[in-house]
Amino acid sequence: MKLYGYWRSQATYRVRVAMNLKGITPEDETIDLAKGVQFQPGYRAVNPQSVVPALFDGPGPALTQSLAIMEYLEETHPKPPLLPRDPRDRARVRALALIPIAEIHPLMVPRVRNYVENDLKLGEAARVEWIRHWVGLGLAALETLLAGDPRTGRYCHGDAPTFADICLAGQVIGAQNSDCDVTPYPTVLRIHETCMKLDAFSSAHPRKRPDAPKALAKGP
């Protein structure tokens, strides 16, 4: 397998954690989003959307979109399972995972941040407030859903990590990197801290990636 990604990408983090949990070590290919490599013809041929991650596994076009890739890994490498067996429980885990994937992260990616700050000419303060607003709404919803459901255990669903934990952990890291306060969400923070005790999560932390700036290597 060959994984195209970027050190700070939440979506790449999600896929990398899923691969770690399943014992898969891909060949890594860095796409430097800060330098605009994603817009070059070579990468556009891999992913016309010009985003990461993208995954090659054998012949054929690349797989794209982090959740679709995670579903693919779940089907092709079913152990350990990252989705519960019961259909309602699977639906719950997917719904929890989609809050970061579909409701928070898309509103804070670089192309959106740049559009708010530069194209709309709203400035840095508006961009910061934009991110904090959507992160706060999403994490507040996650907190309510997790704290109010007896199916929540050490992790989002029971006592083993699932898609929901992968997405929660990546979103908390993204929030912290954007200087968002996550302390109002104690259940979210507790689960994040539990996840980060696992090497599959902690070793994939953006600050630990080889392509991360060396000045960040000693960060949390």
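The values are calculated or read from the model by the stated rules, or taken from the named source; none is laboratory data. Source: prediction; values computed, not measured. Cβ sites come from the backbone with ideal geometry, for glycine too, and all protein chains shown count toward neighbours.
Structure notes:
- Residue within the range 70-79 that is of a type in the set (A, V, I, L, M, F, W, C), out of contact with any Ser or Thr (no Cβ under 6 Å at 6 or more places or on another chain), assigned by TED's automatic domain parsing to the domain that holds Pro53 and on the phi < 0 side of the Ramachandran plot present: yes
- Thr30 vs. criteria touching a Gly at 6+ places or on another chain (Cβ under 9 Å) and under 22 Å from Leu142 (Cα atoms): no
- Number of the condition not met by Gly170 [criteria: (1) assigned to a helix (DSSP H, G or I); (2) over 14 Å from the mean Cα position of the chain (by Cα)]: (2)
- Restricting Ser50, Ser66 to residues that are touching a residue at least 12 places away in the same chain (Cβ under 8 Å) and at positive phi narrows the list to Ser50.
- Residues satisfying the stated conditions in the range 62-77, i.e. out of contact with any helix residue (DSSP H, G or I) (no Cβ under 7 Å at 6 or more places or on another chain), in a helix (DSSP H, G or I) and closer than 12 Å to Met19 by Cβ: Tyr72, Glu74, Thr76
- The residues of the range 182-213 that are modelled with pLDDT under 95, surrounded by fewer than 21 Cβ atoms within 10 Å (Cβ to Cβ) and outside any helix (DSSP H, G or I), listed by number, are Pro210, Asp211, Ala212, Pro213.
- Unmet requirement for Ala34, which otherwise passes all of (1) surrounded by fewer than 17 Cβ atoms within 10 Å (Cβ to Cβ); (2) farther than 27 Å from Arg132 by Cβ: (2)
- Screening Leu33 against (1) within 24 Å of Asp165 (Cα to Cα); (2) not assigned by TED's automatic domain parsing to the domain that holds Gln176 leaves a single unmet condition, (1).
- Considering Thr162, Thr152, the condition of being touching a helix residue (DSSP H, G or I) at 6+ places or on another chain (Cβ under 8 Å), β-branched (Val, Ile, Thr), touching a residue at least 40 places away in the same chain (Cβ under 8 Å) and more than 22 Å from Tyr6 (Cα to Cα) is satisfied by Thr162 alone.
- No other residue among Glu75, Glu27 is more than 15 Å from the chain's Cα centre (by Cα), surrounded by fewer than 16 Cβ atoms within 10 Å (Cβ to Cβ), at pLDDT 95 or above and closer than 25 Å to Pro210 by Cβ apart from Glu27.
- Only one of the listed residues (Arg16, Arg44) is outside any strand (DSSP E or B) and under 24 Å from Thr162 (Cβ atoms). That residue is Arg16.
- For the range 153-167, a residue qualifies if it is in contact with a Pro (Cβ under 8 Å, 6 or more places away or on another chain) and assigned to a helix (DSSP H, G or I), and exactly one does: Cys167.
- Checking Leu107, Leu122 one by one, the residue that is surrounded by fewer than 16 Cβ atoms within 10 Å (Cβ to Cβ) and closer than 26 Å to Ala34 by Cα is Leu122 and no other.
- Filter result (in contact (Cβ under 8 Å) with a residue 24 or more places away in the chain and either under 17 Å from Thr144 (Cα atoms) or assigned to a helix (DSSP H, G or I) (or both)) within the range 78-94: Asp89, Arg92, Val93, Arg94
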